[in-house]
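Novice: I am attaching a structure below and will ask some questions about it afterwards.
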Amino acid sequence: MKFIKYSLSILSIFFLVFFLPEISNAQKGVIRGFVYEKETGEPVIYTNVYLYKTSYGAATDINGFFSITKIPIGDYTLMVTYLGFDTLKMNVTVMQDQIITKKLYLEKASYMLEQVQVTADREEARTETRTSVIKITPKQIKKLPTIGGKADLAQYLQVLPGVVFTGDQGGQLYIRGGSPVQNMVLLDGMIVYNPFHSIGLFSVFDTEILRNVEVYTGGFGAEYGGRISSVMDITTRDGNKSRFSGKVGASTFGADLMIEGPIKKQDESGGGSSSFILSAKNSYLEQSSKVFYEYIDEDGLPFNYTDIYGKISIMGANGSKVNFFGFSYNDRVNNYKALSDYHWESFGGGSNFLVIPGNSPVLIEGHFAYSQYKIALEEETTPLRTSSINGFNLGFDFTYFFGKDEFKWGIELLGFTTNFDITNSVGIGIQQKNNSTELGVYFKYKKTIGKVLLEPSFRFHYYSTGGLSYEPRLAFKYNATDNFRIKFAGGFYSQDLISAHSRKDIVNLFNGFISGASNVPDDFDGEEITSILQKGEHAILGFEYDLARHIIVNIEGYYKNFSQLTNINPNKLLDDDKYPGESQILTKDFIHEKGYATGADFTLKFDKNRFYLWVVYSLGYVKRKYEDIDGVVKEYYPHYDRRHNVNFVATYVLGDKYNWEINARWNYGSGFPFTLTKGYYPLVTFTDGIYTDYTTAPEDLGILYADLNTGRLPPYHRLDIGVNKTFTLGRYTKLEANASVTNVYNRENIFYVDRVTGERVYQLPIMPSVGLTFSF
């Protein structure tokens, strides 16, 4: 492993040193700028901007920004093509060392340019490495049945390759063997610690305000740090810069409201603009379920949440801009099944900006944010568990464009405070409050050499609790033919944050956060532990093949080695300070673990005219190693290890005006592991210590557990269907009606089995829902 790390480091440094001088070469000419929708002022992302009848061009980024460099002196026709919009043409004259900045506005077309979109998608496939990354837009999210009357990111994430959800209730996301704390979630650069509600059908994000979501299931570049499994980078859109508008909706599950509009209207002549957007949604399922879903539980389904997000955007004349944003999310489950009380609250705010210097080809981006998260869980049979985390993150990124190549570097500072208080499985309390600081610096280079794309990158990440971690990473793509591509991504990763829970829980709702967990054993399996950091190494190999113009197949195999992990110590019996000579397995709050995740993902996408089909099959293995109370190393499957996962998604559009849509989704997942119950015994609690009379003292019910996670729950499968109808009422007003049925054939998917009573608790049964959304 060390040889691979050193080799990647040398390769990354070689590319940075060998090709970096190209950045300082004199530019022949530069055309850069932004592409916007004329109607709303929203950036047009991932579209092609090129000089007609030349090989010079670039794709817009998440901000609609493009930069075409090294252009010879001369006269050209600048063109922009995008699905659903008229083609834009503009004459430009390029002069030596001149930087031309343009703000381009696209008007909606009266017909669909399907061929243009296909060409754009294929161009991106050839010019981006795209290994283990999936880009999601609101349009894609809405292709699924709108469960609960509202399309939601959480529902779409469940159909992605390598992604495992624990079911309709629980709301936990596991990506290619990574637990939730190992998955970084960013909202406009701000860290979100829990993006999913306790009813796993909904996220905290309103689909209507999303611009783009990028999910990196592994092998991500050095611009991301502090996590060892995956990244979900979410960008919200700006408010409408032309007119006041909004949406209001209601369904059998909840209601939502979104309003937006200009503070200062956009001006095509070159002036600046500003806008706002505000979103709010809540669940009244606890009340409505007593009317519509009484057959599930006569006391109702007490899943409650409220999500609020707001943003103000200010744009300069040349496209530079700054955003200010904030959020408040909360979730509560009241007295449901074995839960007495489960709730969490999260809030935060911050700013990000983008600067285009007048006479420099560099793009400067930055962000600053603060966020906080608190969670508490009280069950009938276990003591209260609580945890909180609050912290800030500040960063700057600098991107240089030269020809088809890019160089990017950045710096990031983070600080956290965590507070953690639980009782482990043998009744010993564990409390920790820690502060930690992190500093990361990264360099990333994208080089195109004929049919080969190379993206070496390097990250230095310093932890105040764990020292310096240096992390080389590499992405690669070979365009073997116009229709067949080979790709690879890999690298080294680290993180300080851990999330602790009881490994014997059949269902894991509680995930607390801890930073700088230093109360750990000095060794693992006889080897000395020199760092408290968690560490991981990724390797992903994949293939893309265009079977036909409208059919794309993607296959990826992956291996994630988690060479060092930290978890709660279920065997702690003694206080470390009072019993320094005892085995550390009995005295430390946390223990070391190791493990790996490996598997393969297959996807097939067909998208033509009115029909869309998405097929996903994932094969996965996840294993962990730990030392038991006798110091013997044992293996186990974590509770989210799912061997097989299958998803079929189909959408068909009907009507002359494309105003009817039918969609369906079927999911199959093999059973999760859990710890079996071997038996029961009378447990004397010794409430009076050594003076307890065990012959008369009250007894609790003690549980004898089998070996960790040797049982398997039955398979999970579910069919959802939906239908949508859009009524156009005016130029800007429309009414969208939807109806859906979740779990059509009423499959009894197991949620958990009560260890004491033996009662089987199931996931949600068949649930019809309807919803209306009015847009103005």
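The values are calculated or read from the model by the stated rules, or taken from the named source; none is laboratory data. Owing to the predicted nature of the structure, the values given are computational and were not obtained by experimental measurement. When we count neighbours, we look across all protein chains shown, and the Cβ atoms used for this are built from the backbone with ideal geometry, even at glycine. For the accessible areas, the whole protein counts, side chains as well, though only heavy atoms, and no ligand, DNA or RNA atoms are used. Shrake-Rupley method; radii C 1.70, N 1.55, O 1.52, S 1.80 Å.
Novice: For the chain, what does -39500 (n - 2.57) per DSSP helix run (n ≥ 4), summed and divided by total residues, give at 222 nm, in deg cm²/dmol to the nearest 500? If you can, show how the numbers build up before the last one.
Specialist: On the way: 6 runs with 53 residues, N = 776.
Here the helix-only value at 222 nm equals -2000 deg cm²/dmol.
Novice: In a shell of Cβ-Cβ distance under 12 Å around V770, excluding V770 itself, what net charge do Lys and Arg (+1) and Asp and Glu (-1) give?
Specialist: +1
Novice: Next question. Over the chain, what relative contact order in percent results from Cα pairs under 8 Å that are six or more residues apart? Write out the running numbers ahead of the final one.
Specialist: Values: 2202 pairs, mean separation 80.4, N = 776.
In percent, rounded to a whole number, it is 10.
Novice: Taking all protein chains in place and a 1.4 Å probe, what share, in percent, of the accessible surface of region 297-367 do carbon and sulfur account for?
Specialist: Result for region 297-367: 57 percent of the exposed heavy-atom area is carbon or sulfur.
Novice: Return the long-range amide H neighbours of G218 (sequence gap of 5 or more, or a different chain), with a cut-off of under 5 Å between placed amide H atoms.
Specialist: It is V231, by chain and number.
Novice: Percent of accessible area on region 637-740 owned by carbon and sulfur, 1.4 Å probe?
Specialist: The nonpolar share, carbon plus sulfur, comes to 60 percent.
Novice: Check T742: other-chain or 5+ apart residues with amide H under 5 Å from its amide H, H built from backbone geometry?
Specialist: Placed amide hydrogens put M767, S769 under 5 Å from T742.
Novice: Just for the chain, what percent of DSSP beta bridges are antiparallel, to the closest 5?
Specialist: Around 95 percent antiparallel, to the nearest 5.
Novice: In whole Hz, what ³J(HN,Hα) sequence does region 273-283 give by Karplus (6.51, -1.76, 1.60; θ = phi - 60°), x for Gly and Pro?
Specialist: My calculation for region 273-283 gives 7, 8, 7, 9, 8, 9, 10, 9, 8, 8, 10 Hz in order.
Novice: Would you work out the charge dipole size for region 226-294 about its Cα centre, treating the Cβ of every Lys and Arg as +1 and the Cβ of every Asp and Glu as -1, and quote it to the nearest 20 debye?
Specialist: 120 debye
Novice: In the chain, if the dipole is taken from +1 on Lys/Arg beta carbons and -1 on Asp/Glu beta carbons about the Cα centre, which of T129, L719, T93 is farthest to the positive end?
Specialist: T93
Novice: For T87 paired with T448, estimate the spin-label separation in nm (one decimal), with each label point 7 Å from Cα along the Cα-to-Cβ line.
Specialist: For the pair T87/T448, the computed spacing is 2.0 nm.
Novice: Moving to a separate point now. May I ask you to compute the full-extension gain from Y52 to L439, defined as 0.36 nm times their residue separation minus their alpha-carbon distance, rounded to one decimal in nm? Intermediate results must be reported in sequence, preceding the final value.
Specialist: Details: separation 387, 0.36 × 387 = 139.32 nm, distance 4.45 nm.
Computed gain between Y52 and L439 is 134.9 nm.
Novice: May I ask you to order 174-181, 49-56 by the average number of other C-beta atoms within 10 Å around their residues, highest value first?
Specialist: Peptide ranking by packing, descending: 174-181, 49-56.
Novice: What is the projected area of the convex hull of the Cα atoms of region 489-599, averaged over all directions, in nm²? It would help to have the intermediate numbers written out before the result.
Specialist: Numbers: hull surface 40.2 nm².
Projected area, direction-averaged: 10.0 nm².
Novice: Considering the convex hull of the alpha carbon atoms of region 267-420, report its projected area averaged over all viewing directions, in nm², one decimal. Mind showing how you got there, number by number?
Specialist: On the way: hull surface 57.7 nm².
Spelled out: convex hull of the Cα atoms, projected over all directions, averaged, 14.4 nm².
Novice: Continuing with the same structure: For region 457-570, which whole percent of the accessible surface, found with a 1.4 angstrom probe, sits on carbon and sulfur atoms?
Specialist: The nonpolar share, carbon plus sulfur, comes to 56 percent.
Novice: Give the long-range amide H neighbours of N212: residues separated by 5 or more places, or on another chain, with amide H under 5 Å away, using H modelled in the peptide plane at 1.01 Å from N.
Specialist: T235
Novice: Give me the Å³ per residue figure for the convex hull around the C-alpha atoms of region 522-583.
Specialist: Spelled out: Cα convex hull of region 522-583, divided by residues, is 142 Å³.
Novice: What is the spin-label model distance, in nm, from S360 to E298 if the labels are put 7 Å beyond Cα along the C-beta direction?
Specialist: Once both label points are built, they end up 7.1 nm from each other.
Novice: Turning to a different aspect of this structure: What is the packing order of peptides 454-466, 721-733, taking the mean over residues of other C-beta atoms within 10 Å and listing the highest first?
Specialist: Details: 454-466: 21.7, 721-733: 14.0.
Most protected by this proxy first, the peptides run 454-466, 721-733.
Novice: Starting from the coordinates of the alpha-carbon atoms of region 635-776, obtain the Kirkwood hydrodynamic radius over all distinct pairs and give the value in Å to one decimal.
Specialist: Numbers: mean 1/r = 0.0502 Å⁻¹.
Final number for the Kirkwood radius of region 635-776 is 19.9 Å.
Novice: If you don't mind, another one. Provide the per-residue ³J(HN,Hα) series for region 568-574, in order, calculated from phi with Karplus coefficients 6.51, -1.76, 1.60 and θ = phi - 60°, each as a whole number of Hz, with x at glycine and proline positions.
Specialist: For region 568-574, the Karplus-derived couplings read 5, 8, x, 9, 5, 10, 10 Hz, x marking Gly and Pro.
Novice: If the limit is 20 Å between Cα atoms, which of K241/K311; K53/K408; K143/K657; K264/K321; K103/K446 go over it?
Specialist: Check vs 20 Å cut-off fails for K53/K408; K103/K446.
Novice: When the Kirkwood hydrodynamic radius is evaluated over all pairs of different C-alpha atoms of region 242-328, what value in angstrom, to one decimal, is obtained? Spell out each step's value before the answer.
Specialist: Working: mean 1/r = 0.0651 Å⁻¹.
It is 15.4 Å.
Novice: Another question, then. Considering only A517, F590, M184, whose Cα is most displaced toward the positive end of the charge dipole of the chain, charges sitting on Cβ of Lys, Arg (+1) and Asp, Glu (-1)?
Specialist: Of the options given, the answer is M184.
Novice: For the chain, what does the accessible surface come to per residue with a 1.4 Å probe? Please give it in Å².
Specialist: Result: 40 Å² per residue.
Novice: Plugging the Kirkwood radius over Cα pairs into Stokes-Einstein for the chain, at a temperature of 20 °C and a viscosity of 1.002 mPa s, what D comes out in µm²/s?
Specialist: Using the Kirkwood radius from Cα pairs, D works out to 77 µm²/s.
Novice: Could I ask something else about it? Which peptide among 739-745, 512-518 comes first, and what is the full order, when sorted by highest mean count of other Cβ atoms within 10 Å?
Specialist: Details: 739-745: 19.0, 512-518: 23.0.
For the peptides 739-745, 512-518, the packing ranking is 512-518, 739-745.
Novice: Right, here's the next one. Charges at C-beta only: +1 for Lys and Arg, -1 for Asp and Glu. How large is the resulting dipole of the chain about its Cα centre, in Debye rounded to 20?
Specialist: Values: 77 positive and 85 negative charges, 654 e Å.
Dipole size: approximately 3140 debye.
Novice: Sticking with this one: Output wanted: per-residue J couplings in Hz (rounded whole) for region 641-646, from phi through Karplus 6.51 cos²θ - 1.76 cosθ + 1.60, θ = phi - 60°, x for Gly and Pro.
Specialist: Going residue by residue, I get 5, 10, 6, 10, 9, 10 Hz, with x marking Gly and Pro.
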